[in-house]
Amino acid sequence: MKKLFPFAVFLSVALASLVMAAFAYRASEEAGRIKFEALAEDALSRIEARIDLHLALLRAAHAYMKVEHGRVSSAAFSDFVNTLQIDRAFTGLRGIGFLRLARPENAAATDAFLAEQYGSRRGIWPASGEPVRLPVVLFAPLQDNRGMGFDMYSDPHRRAALDAALGDDRLHATGMVELGQVVGAQAYAGFLVFLRLRDPASAGVEGAVDGLLYAAFRANELFGAALGQTPLLPVNVEIYEGTAASDATLLFRSQAKPNASLAQSHLVKRELNVADQTWTVLFRPTEGFLLPSSPIIPVALGLVGLMLAAAIALLSRWQDRAYSAVEKLQSTTEKSLVERELMLQEMKHRIKNSIARVLAIARQTAAHSSSMDEFSASFSARLQAMAASQDMLTRSRWQKADLHALLRTELEQVFGKNLEPETLVGPGVELDETATQALGLTFHELATNALKYGDAGRGRGGLRVEWAVGKGSEGDVLTLAWHEASVEPLADPDETSFGTKLIDMSIKSELGGRIARRFHQRGLTVTIEVPMAAARIREGPAT
């Protein structure tokens with residue numbers, strides 16, 4: 001027995017070391033899968049956020065068409081869409097169009113509209129025996145007019161989505177379709193999203209038009225832009241139409257090649273619902289994905305156990321460390337997943353709020369505009385002011401925005417890049433999302449009014465914005481003062497404009513603050529007081 005004891009000890013230690021090495025290897029693999037699942041969720045969030053942002057433009061176009069009861073010329077529609085700057089800010093969105101619901105009684109009017117706007121003499125095409133016809137009568141940005149008058153309902157691949165969109169007021173997407181081929185242009189894979197235009201209030205309105213607004217998307221550009229945001233993720237993405245993954249239903253495949261050794265073991269599958277259309281998304285790690293720990297470590301542990309029987313205590317210590325590392329990683333990953341889910345829900349909530357604000361501004365701007373040009377200019381300027389605030393928040397990952405940078409951005413949009421150094425004076429102040437949006441719109445409106453009606457727009461007046469943080473009756477208060485110098489005395493306006501109402505709503509309703517305007521011999525002074533606690537404002541680094 002004594003002779004066999006060393007052998008038994010060797011066998012025992014060897015078996016224990018092999019078991020521990022195998023366990024450590026499995027734990028390392030599991031940690032790698034958890035880490036990659038977190039990256040896949042991040043990539044999916046980017047795709048969802050990008051699609052939601054693009055669909056917001058379709059809803060804005062819907063609000064514009066609804067205000068006009070569908071009676072919009074091709075030039076006016078192009079002007080509206082061009083103000084949205086689709087080519088610069090919304091990669092993957094080919095354009096926005098309108099399908100008019102053509103019935104036997106209004107088919108001639110539709111043909112006349114196409115002839116008047118585009119010089120098309122063939123009217124609605126191709127010939128169809130279907131009871132419903134939905135020709136393209138508006139599209140922007142328009143490269144050529146060969147597709148105008150095309151009856152989308154004649155295409156069986158789009159008919160199911162069109163029928164669904166005609167039945168309710170929700171968004172409905174097609175499956176994968178080849179866009180561009182009907183007019184002889186280079187075809188590209190993409191999809192369409194439809195939204196019904198039917199205003200019950202327009203019943204009896206002469207010339208009112210029913211139909212469907214739609215957005216055309218290039219799949220490769222859309223998903224490529226979503227995944228191309230920095231920091232780049234080491235993820236290979238494939239998106240398929242429906243729940244089955246096959247080459248026939250492939251919508252998109254990223255260029256980064258998957259890591260062959262990890263492609264199957266770390267595969268993550270998710271379903272994405274876009275406008276009642278279900279897509280299957282497959283995520284695989286690329287060569288740039290790094291495992292939390294090297295697989296060599298478990299092998300080394302096993303070899304050390306085989307060579308040194310005296311290393312049992314050390315191996316136990318390694319095992320304890322491995323347990324702790326796995327638990328810590330799992331805990332951190334679970335917390336990260338929860339935080340990402342909260343961030344995703346918050347992002348969806350913010351997008352919905354932004355859409356609601358865009359729609360409200362579109363309606364109010366339309367109600368206070370005397371012409372289409374005035375509406376396009378006002379709505380575009382206010383949308384750009386919102387976009388500038390959103391851009392600052394996005395760069396700071398929705399945490400905070402610097403007041404000085406926000407004011408400089410808004411004033412430079414109106415007066416140009418050459419602001420005097422003493423124009424903006426105040427300490428460092430950090431704003432949350434609500435305060436950034438409200439103050440951004442407020443000072444955009446003040447600057448616009450100064451440019452349009454004051455001496456600042458004629459080069460004769462001076463402009464100065466000061467702010468300070470002080471104590472108030474209910475805590476710290478941020479006080480901002482807008483000083484607009486004028487050569488001639490200024491008087492109170494006779495009527496309250498929409499811009500003034502928008503400023504009051506932003507300061508009083510959204511931030512719970514106060515605003516006072518004083519017109520005097522030397523110009524205009526606007527004083528704004530905002531409770532810092534209520535608006536979640538805090539002092540930041542000095543600017």
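The values are calculated or read from the model by the stated rules, or taken from the named source; none is laboratory data. For clarity, every value in this text was computed on a predicted model and none was experimentally measured. Cβ sites come from the backbone with ideal geometry, for glycine too, and all protein chains shown count toward neighbours. To get the accessible areas, we keep the full protein, side chains included, count just its heavy atoms, and leave off ligands, DNA and RNA. Shrake-Rupley method; radii C 1.70, N 1.55, O 1.52, S 1.80 Å.
In summary, strands (runs of 3 or more DSSP E) completely within region 413-505 and bearing 3 or more residues that are without any contact (Cβ under 8 Å) to a residue 60 or more places away in the chain and among the charged types (D, E, K, R) occur at 463-472.
Just one of the numbered conditions (1) open to solvent by 40 Å² or more (accessible area, probe 1.4 Å); (2) under 24 Å from residue 424 (Cβ atoms) is not true of residue 507: (1).
Highlighted here are the helices (runs of 4 or more DSSP H) found entirely within region 26-143 that include at least 3 residues which are out of contact with any Asp or Glu (no Cβ under 7 Å at 6 or more places or on another chain) and among the polar types (S, T, N, Q): 74-83. Within region 279-293, the presence of at least one residue that is within 26 Å of residue 28 (Cβ to Cβ), of a type in the set (S, T, N, Q), buried (at least 17 other Cβ atoms within 10 Å of the Cβ) and touching a helix residue (DSSP H, G or I) at 6+ places or on another chain (Cβ under 9 Å) is confirmed. Select from region 147-183 the residues that are closer than 24 Å to residue 86 by Cα, open to solvent by 50 Å² or more (accessible area, probe 1.4 Å) and not in a loop (DSSP other than H, G, I, E, B) and list them in ascending order. Within region 147-183, 178, 181, 182 meet the criteria. Here residue 499 passes the criteria (1) at pLDDT 80 or above; (2) crowded, with 16+ Cβ neighbours inside 10 Å except the one numbered (1). Of the residues 272, 212, 222, the single one that is within 19 Å of the chain's Cα centre (by Cα), on the phi < 0 side of the Ramachandran plot, surrounded by 21 or more Cβ atoms within 10 Å (Cβ to Cβ) and in contact (Cβ under 8 Å) with a residue 12 or more places away in the chain is 222. Being of a type in the set (A, V, I, L, M), open to solvent by less than 50 Å² (accessible area, probe 1.4 Å) and within 26 Å of residue 421 (Cβ to Cβ), is that true of even one residue in region 469-476? The answer is yes, given that some residue of region 469-476 is of a type in the set (A, V, I, L, M), open to solvent by less than 50 Å² (accessible area, probe 1.4 Å) and within 26 Å of residue 421 (Cβ to Cβ).
The set of residues from region 522-536 being at pLDDT 65 or above and part of a loop (DSSP other than H, G, I, E, B) comprises 522, 532, 533. Within region 463-501, the set of residues being among the basic types (Lys, Arg) and within 30 Å of residue 366 (Cα to Cα) comprises 501 only.
When you check residue 490 against the structure, is it of a type outside the set (Phe, Trp, Tyr) and at pLDDT below 75, yes or no?
On the way: of a type outside the set (Phe, Trp, Tyr): yes; at pLDDT below 75: yes.
Yes.
Within region 38-62, the set of residues being small (Gly, Ala, Ser), more than 30 Å from residue 330 (Cα to Cα) and open to solvent by less than 10 Å² (accessible area, probe 1.4 Å) comprises 60, 61.
Can you name the residue in region 118-133 that is within 26 Å of residue 79 (Cβ to Cβ) and open to solvent by 50 Å² or more (accessible area, probe 1.4 Å) and is also modelled with the lowest pLDDT among such residues? Reasoning before the result, please.
Of region 118-133, the ones within 26 Å of residue 79 (Cβ to Cβ) are 118-121, 123-124.
Still in the running and open to solvent by 50 Å² or more (accessible area, probe 1.4 Å): 119, 121.
On the way: 119: 87, 121: 80.
Checking each candidate, the answer is 121.
Scanning region 191-205 for residues that are assigned to a loop (DSSP other than H, G, I, E, B) and either modelled with pLDDT of 90 or more or touching a strand residue (DSSP E or B) at 6+ places or on another chain (Cβ under 9 Å) (or both) turns up at least one hit.
Candidates are the residues of region 134-146 that are of a type outside the set (A, V, I, L, M, F, W, C) and surrounded by fewer than 20 Cβ atoms within 10 Å (Cβ to Cβ); the one that is farthest from the chain's Cα centre (by Cα) is 146.
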